[in-house]
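Each remark here refers to the structure printed beneath this line.
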Amino acid sequence: MVKRKIVKIDEEKCTGCGLCVTPCAEGAIEIVDGKAKVMREELCNGAGFCLSVCPTGALSIEEREAPAFDEEAVAKHVKPAAHEINCFSCGQGEEERALIPVRIKGESLWVCTRCLPKLIHG
Ligand code: SF4
């Protein structure tokens, strides 16, 4: 166990909508019995990409004792899904370009660095 930053989920506020699942590139969040949960704390690096998509403010980052972040465990956990994450605009995957989570018209999507300027400037 180490003292580090990790996602905290307020179950009272969580509606189980699932919007926070996709932005977590490490696949640390799952919906269980209608609530978001960090099922394996070693998969959460505390980056907080999930925070901005939560419509109810149920997510925050706290600093506490937790298992150390484990990159190898993440690689094993997300490898099959990694090829399924693509830019919503051009369809390129994270193997080709860096992808960034965005919220558009109520949807949580990924956009690549090449398409992001179009999104910003139109
Ligand atoms: S986005 Fe917020 S409300 Fe929706 S499942 Fe995740 S924590 Fe719960």
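Where a number appears in this text, it was derived from the coordinates with a stated rule and is not lab data. Only a predicted model underlies this, so the values are computations on that prediction, with no experimental measurement involved. Virtual Cβ from ideal backbone geometry, glycine too; neighbours counted across all protein chains shown.
Listing for the model above:
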{"read-out": "In segment 45-73, residue nearest to the ligand (Cβ to nearest atom) [restricted to those that are farther than 23 Å from residue 107 by Cβ and not charged (D, E, K, R)]", "value": "61"}
{"read-out": "For residue 30: the one exception among (1) within 26 Å of residue 116 (Cβ to Cβ); (2) within 12 Å of the chain's Cα centre (by Cα); (3) within 16 Å of the ligand (Cβ to nearest atom)", "value": "(1)"}
{"read-out": "Residue match in segment 2-19 (condition: in contact with a Ser or Thr (Cβ under 7 Å, 6 or more places away or on another chain) and more than 9 Å from the ligand (Cβ to nearest atom))", "value": "yes"}
{"read-out": "Positions within segment 27-42 being outside any strand (DSSP E or B) and buried (at least 21 other Cβ atoms within 10 Å of the Cβ), in sequence order", "value": "28"}
